[in-house]
Amino acid sequence: MKSAREELWFETPHRRDYINITDRVQEFVSRSEIREGLCLVNPMHITAAVYVNDDESGLIQDIDDLLERLAPHEPVSGYRHNVGEDNADAHLKRQLMAHQVVLAITGGRLDLGPWEQVFYAEFDGRRRKRVLLKAIGE
Amino acid sequence: MKSAREELWFETPHRRDYINITDRVQEFVSRSEIREGLCLVNPMHITAAVYVNDDESGLIQDIDDLLERLAPHEPVSGYRHNVGEDNADAHLKRQLMAHQVVLAITGGRLDLGPWEQVFYAEFDGRRRKRVLLKAIGE
Amino acid sequence: MKSAREELWFETPHRRDYINITDRVQEFVSRSEIREGLCLVNPMHITAAVYVNDDESGLIQDIDDLLERLAPHEPVSGYRHNVGEDNADAHLKRQLMAHQVVLAITGGRLDLGPWEQVFYAEFDGRRRKRVLLKAIGE
């Protein structure tokens, strides 16, 4: 069995950003030399998520609108977590987006459908944060 | 290490359908001859989800009602993604349902609790779509 | 390849409880003697979830408030599943929390960011229920 581990680092310009990381995950898989296996893509911070969906700007705005509707950033004082913090909504938004994904590796490549794209969703940005990539297989 | 990969194909009669695929995943695991491992069940389309919950018709309607309440299909024009499309809600519903599952394989079988059933949730049906099954183990 | 399997048992005092299980999952990983791999943490009951987020009491209350707002327990009769049952909301809350997690194992330990904590979320408690731990690796 082989395994590989890397981190992707981010420092996004806005509080919330949605970044397509599919190519970076594929490059990791290629470096790992794993041909058949599974790859976990997991944010190491609890105010961010990794998800798979379409890379289409209207949809990304729709996702952001949905999350703001269900767990709005303001009023900041509406959350009990926000004592000296203002990111409770980020902790909640990440849950609603299912926070992590596992991807198949087949023939040395990510085994994705034609429109599956892997995204890093930042909900409390403007500081350095990371995503863990961990693959096992052979 | 062993690995196995198959696809399940669907063409559902309605826009939204909820299909119990537990037996089909179990059959895949049996064919794989993997005794101990993990099995990813992942929709290859981004307007569908795979989830684990009860196979009870009232609950399935409750799930559908919840998703329609949080991310309604109409008005179609309420979503920015819907320029020449009408399926933005399907992209959102899938996120709220957590889009994929990983199942344990123990003793050559899916290691599920007594009521855990694996479902394919179609949110933009009436066309051919597929689910990826990928298992690794020994 | 190595694999390991254990169950964690719970009987929580309230209908809804949020229990930090990080140490118990780490102890399982240590016993498994797996150095590099993946670990599935999956509730075997469909009215509970496993998730990763902060261990902060205000946030836990914010999560509970969000889930009660999106899928309230009452009125019990508002759900079709509740024929002789009163736990439809628990089935829905678990979906919104993404129901399971996969964790990386690196160097024999859970490979978590500084604030990542693993929680068992009970939505229909006061009876015995379990979580499956399944790790594979080497």
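The values are calculated or read from the model by the stated rules, or taken from the named source; none is laboratory data. Bear in mind that the values here come from a model prediction, so they are computed numbers and not experimental data. Ideal geometry is used to build each Cβ from the backbone, glycine not excepted, and the neighbour counts take in all protein chains shown. These area figures cover heavy atoms from the full protein model, side chains too; ligands, DNA and RNA do not enter into them. Shrake-Rupley method; radii C 1.70, N 1.55, O 1.52, S 1.80 Å.
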Computed over the protein assembly as shown, the distribution of all Cα-Cα distances in 10 Å bins, rounded to whole %, is 5, 24, 36, 27, 8, 0
Occluded residues from region C:64-83, i.e. those whose accessible area drops by 50 Å² or more once the chain is not alone (1.4 Å probe): C:L66, C:L70, C:R80, C:H81
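When each pair of different Cα atoms in region B:1-67 is counted once in the 1/r mean, what is the Kirkwood radius in angstroms, to one decimal? Walk me through the numbers on the way to the answer.
On the way: mean 1/r = 0.0713 Å⁻¹.
Evaluated over region B:1-67, this radius sits at 14.0 Å.
At 25 °C and 0.890 mPa s, grab the translational diffusion coefficient of region C:62-138 from Stokes-Einstein with a Kirkwood Rh over Cα pairs, rounded to a whole number in µm² per second. Walk me through the numbers on the way to the answer.
On the way: Rh = 15.0 Å.
Answer, rounded: 163 µm²/s.
Taking a probe of 1.4 Å, how large is the accessible area per residue of region B:1-79, in Å²?
Numbers: 3220 Å² over 79 residues.
Averaged over the residues of region B:1-79, the accessible area is 41 Å².
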Identity and axial distance of the chain C residue whose Cβ lies nearest the axis relating C to A, Å: C:A98, 2
Non-local amide H neighbours of B:K2 (under 5 Å, H modeled in plane, Pro and chain starts lacking H): which ones? B:G137, B:E138
Inter-chain Cβ neighbour average for residues B:34-45, partner chain, 10 Å: 5
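First obtain the Kirkwood hydrodynamic radius of region B:77-119 from its Cα pairs, then insert it into the Stokes-Einstein equation at 20 °C and 1.002 mPa s, and state the resulting D in µm² per second as a whole number. Let's see the in-between values first.
On the way: Rh = 13.3 Å.
For the chosen part, D equals 161 µm²/s.
Dipole of region C:63-122, Cα-centred, from +1 at each Lys and Arg C-beta and -1 at each Asp and Glu C-beta, to the nearest 20 debye?
On the way: 5 positive and 10 negative charges, 51 e Å.
Dipole of region C:63-122, to the nearest 20 debye: 240 debye.
Reported to two decimal places, what Rg/Rh ratio describes chain A when computed on Cα atoms with Rh from the Kirkwood expression? Walk me through the numbers before you get to the answer.
Values: Rg = 15.9 Å, Rh = 15.6 Å.
Across chain A, the Cα-based Rg/Rh ratio is 1.02.
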Identify all lysines with a Cα-Cα distance to A:K134 below 27 Å; exclude those on the same chain that are fewer than 8 residues away in sequence. A:K2, A:K93, B:K2, B:K134, C:K2, C:K134
In whole Hz, with x marking every Gly and Pro, tabulate ³J(HN,Hα) for region C:59-71 from phi via Karplus 6.51 cos²θ - 1.76 cosθ + 1.60, θ = phi - 60°. 5, 4, 5, 5, 4, 4, 4, 4, 5, 5, 6, 7, 9
Placed amide H near C:H99: partners under 5 Å, 5+ positions off or other chain: C:V50
Using each residue's phi in region C:90-105, evaluate 6.51 cos²θ - 1.76 cosθ + 1.60 at θ = phi - 60° and report the 3J(HN,Hα) Karplus result to the nearest Hz, with x for Gly and Pro. 5, 4, 7, 4, 4, 5, 5, 8, 6, 6, 7, 9, 10, 10, 7, 10
Roughly what would the spin-label model give for C:D65 and C:E7, points 7 Å off Cα along C-beta, in nm? 3.7 nm
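Could you sort B:38-45, B:7-14, A:50-57 so that the peptide with the highest average Cβ count within 10 Å comes first and the rest follow in order? The partial results should precede the final answer.
Values: B:38-45: 24.0, B:7-14: 13.1, A:50-57: 20.0.
In descending order of packing, they fall as B:38-45, A:50-57, B:7-14.
Report, to the nearest whole %, how much of the accessible area of the protein assembly as shown belongs to carbon and sulfur atoms, 1.4 Å probe, protein only. Don't jump to the answer; show the numbers that get you there.
Numbers: 6480 of 14790 Å².
Heavy-atom surface of the protein assembly as shown belonging to carbon and sulfur, 1.4 Å probe: 44 percent.
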Chains C and B together, accessible area buried on both sides, 1.4 angstrom probe, square angstrom: 2700 Å²
Treating only Lys and Arg (+1) and Asp and Glu (-1) as charged, each at its beta carbon, one finds that region A:24-138 has a dipole about its Cα centre, in Debye to the nearest 20, of 580 debye
Taking the Cα centre of the protein assembly as shown as origin and charging only Cβ (+1 Lys, Arg; -1 Asp, Glu), how large is the dipole, in debye to the nearest 20? 1000 debye
